[in-house]
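Step one of this worksheet: look at the structure below.
The values are calculated or read from the model by the stated rules, or taken from the named source; none is laboratory data. What you see is a predicted model, and the numbers here were worked out from it, not measured in a lab. All Cβ positions, even for glycine, are placed from backbone atoms using ideal geometry, and neighbour counts span all protein chains on display. Please note that ligands, DNA and RNA were not included when accessible areas were found on the heavy atoms of the full protein model with its side chains. Shrake-Rupley method; radii C 1.70, N 1.55, O 1.52, S 1.80 Å.
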Amino acid sequence: GESARGQIGIDALLAFRVGGGLGEESLSEAEWTSLLAAQDGLVWLKGQWVEVDREKLTQALQHWRRVERQVAEGGLAFHEGMRLLAGAPAGLAPDAAEAETRAWTVVEAGGDLRELLARLRDPARCDPLGETALRGTLRPYQRTGAGWLGFLSGLGLGACLADDMGLGKTIQVLALLLARRKKSSSPSLLVLPASLLSNWKAEIARFAPDLRVLYLHPSEIGQAGLATAQEQARDCDLVATSYGMLLRAPWLSQATWDLVILDEAQAIKNPAARQSRAVKTLTGRSRIALTGTPVENRLGDLWSIFDFLNPGLLGGASRFRDFVRGLEGREPPDYAPLRNLVRPYILRRLKTDAAIAPDLPDKTEVRVFCGLSKIQAALYQRAVDELARTLDGQQGIARRGVILAFLLRFKHICNHPSQLVGDGDYWPAASAKFSLSTICHNPK
């Protein structure tokens, strides 16, 4: 990477050079030649005795010289270089020759690439965003996160902000959007679950009221607004829509966005799902995923998110599975190459981190007791009486089954009577829990 062809970023082609060294000292071609010409055993070199296995050393040199020639013909793709630096094969496929020479070789970043990786792995080294129109003050770790997002976005690299819930992923993204709107003529796209649309709307109104936002959802603009949404989007800084709308508005995948941002990005963990495929057709200069759980159940979840963020970095789905099997087949299993490969693009911080905890406000707990409405109390008592009658004479597994069924019925009654009877009414006054939730969210 010392002489990358063009600016270092996702589309960069990297140079690749093979050399020999002893400890921290480089070996000249003449020293290499004398080393390879020596007999197996101990050789006096640079003031010390060195053990030489000429056959293995020759194999290692031939393998990497072959890689060097291949790179010289077309350049080393950024993703391939990142894999080599992580300790993985350049193609992610099992490579017996490379595995055989691993004990004899080390891959290092050179020049600008070394500095780039240092900043990716240590977000504190990234430049802050500078002054923005954000109505609020970012905490120190939030300033660091926003600067890190800006750095990766500027390089065209995808970023996964995986902060713990409550650490302010939303406000960090809003700071980035405010900083970038002066640099880009294209709007950004925010895709999120429909249930979070009102949350984002409230946060934007509070912290970034200067952002021109189009909320692309029938609940916000109606069917008439959907028909003219494509024209309205041209005058916006941000278009916020749901995962479901991607399937109903094909023009979203035809546009070129500044940033494509996914909230609750675990929604695309299943690569075969229609909404996952729709998300991956979106075009943006850079991509951001927000999720507190980049790996929920299996490593395939991580692959699907990275297939959106940095397509090709983890290879295709089948190639990735083979790569993971190779890591698991080692004794003991060694996931370090995968960890090193994805680490520069994931920022994960917890509330318990020593560097984070001092910046958090004191925890406030408010206990709220919720009773039952008159309708709920009557239904509950009726269900209790029916349970008593039904249990009379029941034994063993049948008795357990009845109790389990009635527990679910009690839960429905406590939520809302309409959930039990299925009338779809959901009148607020019929449920004490519903009424209390409305009061808590609307204190006025």
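Going 7 Å from the Cα of Ser435 along its beta-carbon direction, which residues of region 350-389 have the amide nitrogen within less than 20 Å of the resulting point?
The answer is 367-382.
What distance in nm lies between label points placed 7 Å from Cα along the C-beta direction at Glu131 and Gln48?
5.5
Quick one: if the Förster radius is 30 Å, what FRET efficiency do Arg274 and Asp322 give, using the C-beta to C-beta distance and rounding to 0.05?
0.70
If you take the beta carbon distance between Gln395 and Gln419 as r and set R0 to 41 Å, what does 1/(1 + (r/R0)^6) give as a FRET efficiency, to the nearest 0.05?
That gives a FRET efficiency of 0.85.
Quick one: pull the percent of accessible area on the chain belonging to carbon and sulfur, 1.4 Å probe, ligands and nucleic acids left out.
51
Between Ser184 and Lys363, what's the calculated FRET efficiency when r is the beta-carbon distance and R0 is 30 Å? Round to 0.05. Display every interim value, and only then the final one.
Working: r = 39 Å, r/R0 = 1.29.
Efficiency computed from Cβ-Cβ geometry: 0.20.
Among Asp164, Asp362, Asp392, whose mean-square fluctuation peaks in a Gaussian network model of the chain (Cα, cutoff 10 Å)?
Asp392
Aspartates and glutamates near Lys169 by alpha-carbon distance under 17 Å, same-chain residues fewer than 8 away left out - which ones?
The qualifying aspartates and glutamates are Glu203, Asp263, Glu264, Asp353, Asp359.
For a 30 Å ceiling on Cα separation, which of these pairs sit above it: Lys183/Lys351; Lys269/Lys433; Lys183/Lys269; Lys182/Lys280?
The answer is Lys183/Lys351; Lys269/Lys433; Lys183/Lys269.
If I compute Cα Rg over 2.2 N^0.38 Å from the structure I just sent, which labelled value in [x] 0.94; [y] 1.63; [z] 1.30 lines up?
Only one listed value fits the structure, namely [z].
For the chain, what is the accessible area per residue in Å² when the probe is 1.4 Å?
Value returned for the chain: 55 Å² of accessible area per residue.
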